[in-house]
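Worksheet: the structure to be examined is printed underneath.
What follows is calculated from the coordinates using simple rules that are stated; it is not laboratory data. Remember, it's a predicted structure, so these values are computed and weren't measured experimentally. Positions of Cβ are backbone-derived with ideal geometry, glycine not excepted, and every protein chain shown enters the neighbour counts.
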Amino acid sequence: MQDLFYSFKDNCGIGLIANIRNQPSRKLTDDAITALSRLTHRGAVAADGKSADGSGFLFSMPDAFMRDVAKAHGHDLQTKFAVAMIFFTKENQKQIFTDICTQNDLKVLFYRSVPVNTKILGVQAFVTMPEITQAFVVPASLMTHTRFSSYLYLTRKQIENTIGYKDDFYIASFSDRVIVYKGLVMSNSLADFYADLRHPLFATGFAMFHQRFSTNTLPRWALAQPFRTLAHNGEINSIEANRYNARVYTEDADSPVFTKEELNKILPILQPATSDSGSVDNVFEYLIENGKDFFKAVRSMFPPPWQNLPKVDSKIRAFYEYTSTNSEAWDGPAAVNFTDGRYLACVMDRNGLRPAKYIITKDDRLLIASELGVLDIPEELIEEQGKLNSGEIIAVDTRHGKVLKNEEVRSFLKESQPYERWLHEHQIYIVEHVEENFIEHSDYVYENLMALQRYHNYTNEVVESIIQPMGNEGKEETGSMGDDTPMACFSNIQRNFTDFFRQRFAQVTNPPIDPIREKLIMSTSVTIGARGNVLKEIPENA
């Protein structure tokens, strides 16, 4: 019964607002607060009018504010510093955090209790609220100074694996580039809950925001979004296979950033008891922290439809075909905002069943949200507006101050490596040899065929109604009838081993899809063979 309550599927409201050059301003912070407050309708509310599914912000680091806080605690921050946003739930956790930071040559300058207003919380949020604390951390050696971001990731994973996840301990963010403020708070009350967000010095260059609507799970502080790299609207319907595959391709990965010893400290990358969105965040963060290009990481996880679309550029088709040999799509419906601190992107999965509208302004701002109207922008300031369709992406490079459209990202991906040549040299297409398999039929003749069929529980009904039509017409028969057959575990008759397994579907109101009627966005093709190293682009991976 507990699994019924804790099955994770999300359907939420998301958005981001950015100065395309990441120039911080207090106005941008205020605009983000306004935009999030207008997504209240996208989250459930309890009878007390206060308890919510959770909401949050991911900000570019508010440098001036954090330096002011440090000065008030008697510290002048050096050029490189990081702030961890931590949800402590037990006394010993703080000491473990400090000890592992010290082991990795990171110095914890001080801890700060984040000022909050608990009066606005509902009963459930108040009872489960962790001790929300910030840790100010600086590099303590030459090595950690030169690899600061990597050591922050390594250290956080070690801390998480040491403390575990059973007591709701959680590090919302631990970065030198971004910081997350989130919780089980109504979206129109989050800025009143966190006093920091009202401070005049809290100026940011971009903000990602999220209002959670948890359809099949009880809300938890750790599951409010954004996560450390993303905010997600939708569900990942392929989540079980995605998680299994993630475990497989991280076991023997060879990283250009971390040593084998360091990788072993990072593993496992998937946080247990998290949501589908949380698993996406775990894997995406793992890829970019191990040196994978931001756009290739996004597109390896959320590719557009490409197998069955007519007139697809052969080079971009080659990129996705190469990528599919070592990665698999995390299929939605999903609209996802991603960031690594430099790039921000919004991507639609190949089904395209979640909304994402964007506005580019003449004063160098980009706004993306689940709907228009989250921010009042004078019409004379709007340079361009539109929406993302199935499989499309829009991004901004804050270092160069440029908005990147779908075609520009495609152009970069297809020209970055000679994927067509790699595939030609290393991949074998079974369809080219399919006729050879039917030249000689002697290996299909079995004297004991009837006994084998009975042994494997193939009845006359299965052969005549299912297998024979599939052989004759190349497709499954369609039919509709009542099914009074008992489940295998309750049957008095010996049943086939596979009858004991049932497919579990996402229990939300997504329209059904199939590879015949929706051929353009679906494919039944699979790649068979050994997986290569997902962290490196080499010809042999094809």
Q) Given R₀ = 35 Å, FRET efficiency for Asn472-Ser390 by Cβ-Cβ distance, to 0.05? A) 0.55
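Counting Lys and Arg as +1 and Asp and Glu as -1, what is the net charge of the other residues whose Cβ lies under 10 Å from the Cβ of Tyr419?
Working: positive: Lys315, Arg317, Lys414, Arg421; negative: Glu321, Glu415, Glu420, Glu537.
Neighbour charge sum, excluding Tyr419 itself: 0.
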Q) How do 336-348, 466-478 rank on mean C-beta neighbours within 10 Å, highest first? A) 336-348, 466-478
Q: For segment 516-522, take each phi angle, set θ = phi - 60°, evaluate the Karplus expression 6.51 cos²θ - 1.76 cosθ + 1.60, and give the result in whole Hz per residue in order, putting x for glycine and proline.
A: 9, 6, 10, 4, 5, 10, 10
Q: Under 14 Å from the Cβ of Gln453, count the other residues' Cβ atoms, weight Lys and Arg +1, Asp and Glu -1, and hand me the total.
A: -2
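What is segment 67-208 by shape, rounded, prolate or oblate, if you read a ≥ b ≥ c off the alpha carbon gyration tensor as root eigenvalues and call it rounded for a/c under 1.5, prolate for a/b larger than b/c, and oblate otherwise? Don't skip to the answer; put the middle values down first.
Numbers: a/c = 2.01, a/b = 1.31, b/c = 1.53.
Oblate shape, in that a/c is at least 1.5 and b/c is the bigger or equal ratio.
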Q | From the coordinates shown, Cα extents along the principal axes in Å corresponds to which of (1) 87, 54, 54; (2) 70, 61, 47; (3) 72, 61, 43 | A | (1)
Q: For segment 469-478, take each phi angle, set θ = phi - 60°, evaluate the Karplus expression 6.51 cos²θ - 1.76 cosθ + 1.60, and give the result in whole Hz per residue in order, putting x for glycine and proline.
A: x, 5, x, 6, 10, x, 7, 6, 5, 10
Q: Collect residues whose amide H, placed 1.01 Å from N in the peptide plane, falls under 5 Å from the amide H of Lys387; neighbours closer than 5 in sequence don't count.
A: Tyr358
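Structure shown: which of Lys50/Lys402; Lys80/Lys157; Lys27/Lys107; Lys50/Lys80; Lys157/Lys296; Lys27/Lys402 lie over 31 Å apart, alpha-carbon to alpha-carbon? Please report the intermediate quantities before stating the final value.
Values: Lys50/Lys402 40 Å; Lys80/Lys157 20 Å; Lys27/Lys107 33 Å; Lys50/Lys80 39 Å; Lys157/Lys296 23 Å; Lys27/Lys402 21 Å.
Too far apart for the 31 Å limit: Lys50/Lys402; Lys27/Lys107; Lys50/Lys80.
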Q: Give a residue-ordered list of calculated ³J(HN,Hα) values for segment 253-266 (Karplus: 6.51 cos²θ - 1.76 cosθ + 1.60, θ = phi - 60°; whole Hz; x for Gly, Pro).
A: 5, 10, 9, x, 10, 10, 6, 4, 5, 5, 4, 5, 6, 6
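What does the charge count around Thr146 come to, taking other residues whose C-beta lies under 14 Å from its C-beta (Lys +1, Arg +1, Asp -1, Glu -1)?
On the way: positive: Lys80, Arg147; negative: Asp105, Asp176.
Value of the local net charge: 0.
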Q) Okay, which of segment 309-338 sit inside 18 Å, backbone N to the point 7 Å along the Cα-Cβ direction of His424? A) 313-323
